[in-house]
Amino acid sequence: MKAKMILLLFVMGVILGGCSVKSNKDILLDDTKTIIKYSPYQKMFMDLNSNFTEEDVKKYMGDHRLIGGRSSLGDYFEYHIFLSKDDNKKACQEFVAVRFLKDGQLEGFRYVSPEFEGYVFYYAKGVFLEFNDQNAKDYSGYYYRSLPKKGNKKGLEIEYKDNTKKSTPYYPISNAKEAINFLIEK
């Protein structure tokens, strides 16, 4: 009886056009709403925030059975986080990286996938890409970084304390979920 009811509801949905499968990534509910199935890495990027500490990253990795390595690079250290050892060995793979200053303050984090043209990141402070402590104002926040292509519109122009400016391929985004959605839709 229960199976017949489910089948009936499915058939009614198809007949009425209320539910059709678009792809394995999303399901079209109607003309305006799409449910997006996020990858574990995309979910991880959305779970991170500006208050994360190194201990929080270690706990998150343990709670979600993730692997990753910590590398020290000059004035900062960074965690590259993967779902499995196999992901870590791939030359071109999806990952999340979280970077801290030597004193433990969060510098930023990013989500990268070869599936997309560009990547998304959060900048908190320190020297991260073209951002640095000499910024004329606070640029902390979420960004989409486009890959260089002819016809790309200009991104954010960063102003520094010495009155110099630099154009970047970074586009401000209001939050982590919007950043991931923007990347998926590009």
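Considering 51, 88, which residue is among the polar types (S, T, N, Q) and modelled with pLDDT of 90 or more? Write out each step before concluding.
Working: 88 fails: modelled with pLDDT of 90 or more.
So the residue among 51, 88 that is among the polar types (S, T, N, Q) and modelled with pLDDT of 90 or more is 51.
Only residues that are in a loop (DSSP other than H, G, I, E, B), small (Gly, Ala, Ser) and within 17 Å of residue 176 (Cβ to Cβ): list them for segment 124-143, please. Explain how you work it out, then say what you get.
First, pick out the residues of segment 124-143 that are in a loop (DSSP other than H, G, I, E, B): 124-127, 129-130, 132-134, 136-140.
Pick out the ones that are also small (Gly, Ala, Ser) and you get 124, 126, 136, 140.
Listed by number, the residues that qualify are 124, 140.
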Residue match in segment 104-117 (condition: over 20 Å from residue 39 (Cβ atoms) and β-branched (Val, Ile, Thr)): no
Of the criteria (1) closer than 26 Å to residue 94 by Cβ; (2) of a type in the set (S, T, N, Q); (3) modelled with pLDDT of 80 or more, which one residue 146 fails: (3)
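The values are calculated or read from the model by the stated rules, or taken from the named source; none is laboratory data. Just so it is clear, the model here is predicted, and its values are computed rather than measured. Here Cβ is always computed from backbone atoms with ideal geometry, including for glycine, and neighbour counts include all displayed protein chains.
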